[in-house]
Amino acid sequence: MIYLQVIWAIGLSMLALSLLIGLPQKLQWLLAIGIIALHNLLDQLSFQGVAGLHALWSILHQRDWIEIGQSLRLRTTYPVLPWIGVILLGYCLGRSCFSLGISVAQRNKRLLGYALGSITLFIVLRLINVYGDQPWLLLDSNVQIWMSFFNLTKYPPSLLFILWNTGVGVLILLALSKVEQSAWVKPLIVFGSVLTAFICAETALCDRCTDLGKQSRAIFRC
């Protein structure tokens, strides 16, 4: 069994982005917003039993198993369609906010506008409780209600998951940009610059820890 996870999703999204960066900028914005805003309309769509389409749809939007022959099974843990929208949105924001000729004040104003707009739209849609993710529930305690309110779908990422996390992420980016010369921020910059290397190292470390755990249990059973 092979689980297609984070690096898989990043890789396919970057391949898709390479095909989309030549489009007109307005069309890029339209595609990015359209994918993010509308993909939840496809949640109930399934091609189970339709061999070719089932595999393609499992890659794009539905977490499922893809069976290749008798011995190989692939689990699409991270369907990539919403992530293609996210990476394209990030590319569009980058061009809009970090291009030559954009002053720091203009950049920060645009990023703040996006962040506040994204978080506001999240709150409005979440309160309406009709579209964008599974409904939240009125439960026995306030803590449970808040947990239900922020219980957002990541696999694949829902509209509301993307709105909340990108909005908060951009606010954090703005806050860190004001202290980017501080000594405590520099390790974060290094980490962010070589994130894939850290993901690979983390994966290898987790696998090794899992192996050690299995060996320890075997020893204690003996």
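Values in this text are rule-based calculations from the coordinates and carry no lab data. Just so it is clear, the model here is predicted, and its values are computed rather than measured. All Cβ positions, glycine included, derive from the backbone under ideal geometry; neighbour counts span all protein chains shown.
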Subject >> Residue within the range 30-44 that is of a type in the set (A, V, I, L, M, F, W, C) and out of contact with any helix residue (DSSP H, G or I) (no Cβ under 9 Å at 6 or more places or on another chain) present >> reply: yes
Original post:
Which one of W57, W65, W29 is surrounded by 12 or more Cβ atoms within 10 Å (Cβ to Cβ) and in contact with a Lys or Arg (Cβ under 6 Å, 6 or more places away or on another chain)?
Top reply: W65
**OP:** Scan the range 169-187 and report the pairs whose first residue is more than 14 Å from N108 (Cβ to Cβ) and whose second residue is surrounded by 11 or more Cβ atoms within 10 Å (Cβ to Cβ) and of a type outside the set (G, A, S), with Cβ atoms within less than 7 Å and a gap of 6+ or a chain change.
**Re:** V185/L176
Original post:
Among (1) part of a helix (DSSP H, G or I); (2) without any contact (Cβ under 8 Å) to a residue 12 or more places away in the chain, which single condition is G101 missing?
Top reply: (1)
Original post:
Considering the range 133-156 alone, what residues qualify as being free of Cβ contacts under 8 Å to residues at least 24 places away in the same chain and touching a Lys or Arg at 6+ places or on another chain (Cβ under 8 Å)?
Top reply: W136, F149
Original post:
Can you find a residue in the range 106-117 that is buried (at least 18 other Cβ atoms within 10 Å of the Cβ), among the basic types (K, R) and in contact with a helix residue (DSSP H, G or I) (Cβ under 8 Å, 6 or more places away or on another chain)?
Top reply: no
Subject >> Scope the range 111-133; condition over 28 Å from G94 (Cα atoms) and in a helix (DSSP H, G or I); matching residues >> reply: L127, I128
Subject >> Qualifying positions in the range 68-83 - polar (S, T, N, Q) and either without any contact (Cβ under 8 Å) to a residue 40 or more places away in the chain or surrounded by fewer than 17 Cβ atoms within 10 Å (Cβ to Cβ) (or both) >> reply: Q70, S71, T77
**OP:** State whether the residues of the range 108-122 include one that is of a type in the set (D, E, K, R) and in contact (Cβ under 8 Å) with a residue 40 or more places away in the chain.
**Re:** no
**OP:** Mind listing just one residue for me: the one in the range 134-182 that is polar (S, T, N, Q) and part of a helix (DSSP H, G or I) and, of those, surrounded by the fewest Cβ atoms within 10 Å (Cβ to Cβ)?
**Re:** N142
